[in-house]
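The values are calculated or read from the model by the stated rules, or taken from the named source; none is laboratory data. For clarity, every value in this text was computed on a predicted model and none was experimentally measured. So basically every Cβ, Gly included, is an ideal-geometry build from the backbone, and we count neighbours across all protein chains shown.
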Amino acid sequence: MGRSVREGRQIKSAPSAVGKELRPTRGPAWLLFRAPGALILWWRYYFAKPGNIALSARQKGNPVMEVGFSLFFWGGIFFTLFLVLVGDR
């Protein structure tokens, strides 16, 4: 099973998805968290300096880099909010 004969050749049929669990998708909160990192990497890729083109091309689309840049972005946002809200006390 899993193979069919067609015109004298064996052709692999597509694997069945029955019985396999699908990978859970991430929710909108994850996309919102990761969006700044993806945008920053996109910006760095499309507006790279002449010496940094290869580096920015390797970073663009890399999930680890997107999460890293997002952490710095959201950390900066929360730090700024902290200074604005608590800094006057």
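Observations on the model:
- Residues of the range 41-89 that are among the aliphatic types (A, V, I, L, M), surrounded by 10 or more Cβ atoms within 10 Å (Cβ to Cβ) and either outside any helix (DSSP H, G or I) or modelled with pLDDT of 90 or more (or both): ALA48, VAL67, LEU71, ILE77, LEU81, LEU83.
- Residue count for the range 24-64, restricted to those that are of a type in the set (Lys, Arg), within 23 Å of GLY75 (Cα to Cα) and without any contact (Cβ under 8 Å) to a residue 12 or more places away in the chain: 1
- Here the range 43-70 is the region considered, the condition is being of a type in the set (S, T, N, Q) and over 15 Å from TRP30 (Cα atoms), and the residue that is nearest to the chain's Cα centre (by Cα) is ASN62.
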